[in-house]
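Any read-out appearing in this document is the output of simple, stated calculations on the displayed coordinates, not a laboratory observation. This structure is a prediction, so every number in the text was calculated from the model and none was measured. In this analysis, Cβ positions are derived from the backbone assuming ideal geometry, glycine residues included, and neighbour counts consider all displayed protein chains.
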Amino acid sequence: DAKVPEDSDMRGQWGRRPQETIDRANELLDNFAGMLAKRGLRVDRPTCIDHSLPATTPDFHTDSQFGCMPPRDVLLTVGHEILEATMSYRCRWFEYLNYRPLMQQYWNEDPNFRHEAAPKPRLTDADYHPDYLSEKIGVAKRLKWAEEKFFVTTEEEPLFDAADVLRFGRDLVVQHGFTTNLKGIDWLRRHFPDHRVHAVNFPGDPYPIHIDATFTPLRPGLILNNPQRRLPQDQRDMFERNGWEIIDAAQPSHNSPPPLCYSSTWLSMNVLVLDPKTVCVEASEVYQAEQMDKLGMNVIPVDLRDAYAFGGGLHCCTADVYRDGECEDYFPKA
């Protein structure tokens, strides 16, 4: 509950969400999928398991699970491979099962497809610092911890969520934070020896969970950065040496997240880039859409805010599987 604002109706909640919110979110996701299909994109959907059920392993028990709205958190596509992340939340341990039917389908369709799964972590108590999320700890101390790179997860075993990874051709930029530890980043480095793996962190975020509402590439040479969570200068050097511009994202249009949502208002910058000139922006995020327009992007407004509570925004709820193009080197100057 520590990540949830004190006045949020999400505090203390668990189990199945109200049916009307489920129906509304499904309606919005169906509309989004339909829009993408009309633009010529193939859209595959997961096969949902019942996430309201408890999850138990020999090492832990949790009374309910998470969901399958954000495949970006679980699946990482690199070249011909789709990698299942370890996941770092106990309630998300079995989430990969939603995507196994699709993985089998891709295996049957494409002889070059590689389906890989990172080692499943045990997620015992040794994986977490005790009392880290205590409500007695204020934001100032949490910001200091973030600056010191002291997070809730320990280095007991490799942990990473796929949504902490950004792909820049031959380079993978990985956020070190709550959901990805240094062992997880090292595991990715060993697993992808033909790629350069870079660890980054954002000291302005007291709860650094996933990178895609903090650091958003729009096209080669241009990145949006959350102005409250700026990339430290020493980590910007790689981008600046190679001619990349990092600009502040526009302010969110909302002062608070929607009901029963634990994500921040910065889902405003959780956009889906379809190509270097086309971007999907949540329809109510007028300031972000205006900024994209000024940057020369064709903006597609998409109504998704009422689905935020199920796991995120437009980038979160998608995971690209097949794209045209070659593996470029965007950072030739080391």
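Report the residue, chosen from Lys277, Lys149, Lys141, that carries the largest GNM mean-square fluctuation when the chain is represented by alpha-carbon nodes joined by springs under 10 Å.
Lys141
Going by how many other beta carbons lie within 10 Å of each one, how would you line up Val165, Val299, fewest first?
Val299, Val165
By how many nm would the segment from Thr124 to Val43 lengthen if fully extended, with 0.36 nm per residue of separation less the alpha-carbon distance?
25.5 nm is the gain from fully extending Thr124 to Val43.
I want to verify the translational diffusion coefficient of region 179-334 in µm²/s; compute it with Stokes-Einstein, Rh as the Kirkwood radius over Cα pairs, at 4 °C and 1.567 mPa s.
This corresponds to a translational diffusion coefficient of 77 µm²/s.
Have a look at Asp237, Asp205, Asp127 and tell me which one the Gaussian network model of the chain (Cα, springs below 10 Å) gives the largest fluctuation.
So, out of Asp237, Asp205, Asp127, the one fluctuating most is Asp237.
Cα atoms only: what Rg and Dmax, in Å, come out for the chain?
19.0, 54
Provide Phe178, Phe160 in ascending order of the number of other Cβ atoms located within 10 Å of each residue's Cβ, fewest first.
Phe178, Phe160
Of all DSSP beta bridges located in the chain, what percent are antiparallel, nearest 5?
For the chain, the DSSP antiparallel bridge percentage is about 50.
As I understand it, the dipole of the chain uses +1 on the Cβ of Lys and Arg and -1 on the Cβ of Asp and Glu, about the Cα centre. Which of Asn98, Phe168, Leu75 lies farthest toward its positive end?
So the residue we want is Phe168.
For region 113-198, what is the convex hull volume of the alpha-carbon atoms per residue, in Å³?
Per-residue hull volume (Cα only) is 108 Å³.
Order these by the 10 Å Cβ neighbour count, fewest first: Val43, Val321, Val271.
Ordered by Cβ neighbours within 10 Å, fewest first: Val43, Val321, Val271.
Would you mind computing, in nm to one decimal, how far apart the modelled labels at Tyr322 and Arg114 are, each placed 7 Å from Cα along Cα→Cβ?
If labels sit at Tyr322 and Arg114, their model points lie 1.9 nm apart.
Convert each backbone phi in region 273-279 into a coupling constant with the Karplus relation 6.51 cos²θ - 1.76 cosθ + 1.60 (shift: θ = phi - 60°), then list the ³J(HN,Hα) values in order as whole Hz, x for Gly and Pro.
8, 8, 7, x, 10, 10, 9
Based on alpha-carbon centroids, what's the gap between region 71-91 and region 238-286 in Å, whole number please?
Distance between centres, Cα-based: 22 Å.
Calculated from DSSP H runs of 4 or more alone, at -39500 (n - 2.57) each and per residue, what is the 222 nm mean residue ellipticity of the chain, nearest 500?
Result for the chain: -6000 deg cm²/dmol, rounded to the nearest 500.
Under a point spin-label approximation (7 Å from Cα along Cα-to-Cβ), what is the Asp234-Leu53 distance to one decimal in nm?
4.8
Using the beta-carbon distance between Asp186 and Ser134 and R0 = 25 Å, what value does 1/(1 + (r/R0)^6) give for FRET efficiency, to the nearest 0.05?
0.30
Which GluC sites (Glu not before Pro) in region 274-334 sit in a loop by DSSP (not H, G, I, E or B) and have at most 14 other Cβ atoms within 10 Å of their own Cβ?
Qualifying residues, ordered by number: Glu326, Glu328.
List nothing, just return the count: lysine pairs in the chain, 8 or more apart or interchain, with Cα separation under 23 Å.
12
Local charge sum around Ile246 (other residues, Cβ-Cβ under 9 Å, Lys/Arg +1, Asp/Glu -1)?
Its environment carries a net charge of -1.
What nm value, rounded to one decimal, do you get for the distance between Asn26 and Lys277 when each label is placed 7 Å out toward the C-beta?
Taking the simple label geometry, Asn26 and Lys277 are separated by 3.9 nm.
Taking only Cα atoms and a 10 Å spring cutoff, compute GNM fluctuations for the chain and point out the largest among Tyr207, Tyr132, Tyr89.
Comparing Tyr207, Tyr132, Tyr89 in the GNM, the peak value goes to Tyr132.
Identify the GluC sites (Glu not before Pro) of region 100-186 meeting these criteria: DSSP loop state and at most 10 other C-beta atoms within 10 Å of the C-beta.
Here the sparse-neighbourhood loop sites are Glu135, Glu148.
Net charge within 15 Å of Ile223 by Cβ-Cβ distance, Lys/Arg positive one each and Asp/Glu negative one each, not counting Ile223 itself?
My count for the surroundings of Ile223 gives 0.
Using a ≥ b ≥ c from the Cα gyration tensor of region 25-113 (square roots of the eigenvalues), is it rounded, prolate or oblate, where a/c under 1.5 gives rounded and otherwise the larger of a/b and b/c decides, a/b for prolate?
Oblate.
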